[in-house]
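Novice: One structure coming up, written as structure tokens, with questions to follow.
The values are calculated or read from the model by the stated rules, or taken from the named source; none is laboratory data. Owing to the predicted nature of the structure, the values given are computational and were not obtained by experimental measurement. Here the Cβ positions follow ideal geometry from the backbone for every residue, glycine too, while neighbour counts run over all protein chains shown.
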Amino acid sequence: MGMMRNCRDVARLLSCAEETSLRWRERWAVRVHQLFCVYCRRYGRQIVLLRRALVRRRGLRGDIASLDAPARERIQAVLNKSQQGK
Amino acid sequence: MEHDEHTLDPHRWLECHGDTLYRYALRRTSRADIAEDLVQETLLAAWRGRNAFRGMSGERTWLMGILKHKVDDHFRSAYRHPVEDAGIEGEGQGGSVEDVFFDDRGHWRVKPQEWASEPLAALEAEGFWQVLLECLAKLPEHQRESFTLREIDGLDTEQLCKELSLSTTNIYVLLHRARLQMRRCLEVHWFGRGNE
């Protein structure tokens, strides 16, 4: 493996870096490539941004949400109707 | 029938599992109204298909299975049209997604553009999530599933492998392809820089 990687490799490594820590050789190759390549700099920055936004979003909703009373009543009414029509 | 009617009571399902189902649907769709509808449809479908319930997998697992199908159906039908073209390529038999994004020498064919100056603010705008979900809906099924579980539900790689019964290597490839396409799709449909 030479030190010079192309954009295709670097994009793959940038995505891998989100999942696991890269070997120092890979990290170095990514850094060096990014020095010269504006597109891979952007790509790396943008997928990290996307992740940060999604993490923030996760904190905002979902885990503590619950069905409110009107929604429950609505669903119960529909279930009643369905049970009667069986 | 194998089960007595008491064990199969949709009102009790709603009581005991309603919130779990709702949270799952909400995480997937980011829309309270749609999530409620999906819970309702799930319970109805479960009631109609109650004879198929064997009791082996447990009630909640059974209901979650139905809900997952409902969520998939929802994505398939609701987002069939809005994000038609650019950004998302199906995974054809021949070339991989990477071949769409990179040329023979491994250079970007579809070059990442600069986003707006305050991208994080844009990422938090309400409309953004609609676009994001539309982009997500256009991904091939495995990519969509892995991206959703990883980035929206926040599972780690190990949990992902278990959930999807795939190897780490496969998961990395799926996530990589999903990220390439999601980034591009958002660029085209949200940041509006697709034509440069």
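Novice: Cβ-Cβ under 7 Å, sequence separation 6+ or interchain: first residue in segment B:41-67 and on the phi > 0 side of the Ramachandran plot, partner modelled with pLDDT under 90 and surrounded by 12 or more Cβ atoms within 10 Å (Cβ to Cβ). Which pairs?
Specialist: Short answer, once both residue conditions are applied: B:GLY55/B:HIS3.
Novice: Let me ask you something else. For segment A:18-41, give me each residue that is surrounded by fewer than 12 Cβ atoms within 10 Å (Cβ to Cβ) and more than 13 Å from every other protein chain (Cβ to nearest Cβ).
Specialist: A:ARG23, A:TRP24, A:ARG25, A:ARG31, A:LEU35
Novice: Let me ask something else about it. Applying the selection to segment B:36-70, what residues are more than 11 Å from chain A (Cβ to nearest Cβ), more than 18 Å from the chain's Cα centre (by Cα), surrounded by 13 or more Cβ atoms within 10 Å (Cβ to Cβ) and among the charged types (D, E, K, R)?
Specialist: Across segment B:36-70, the qualifying residues are B:GLU59, B:ARG60.
Novice: Filter segment B:111-134 down to the residues that are modelled with pLDDT of 75 or more, surrounded by 13 or more Cβ atoms within 10 Å (Cβ to Cβ) and within 22 Å of the chain's Cα centre (by Cα) and list them by number.
Specialist: B:PHE128, B:TRP129, B:GLN130, B:VAL131, B:LEU132, B:LEU133, B:GLU134, listed by residue number.
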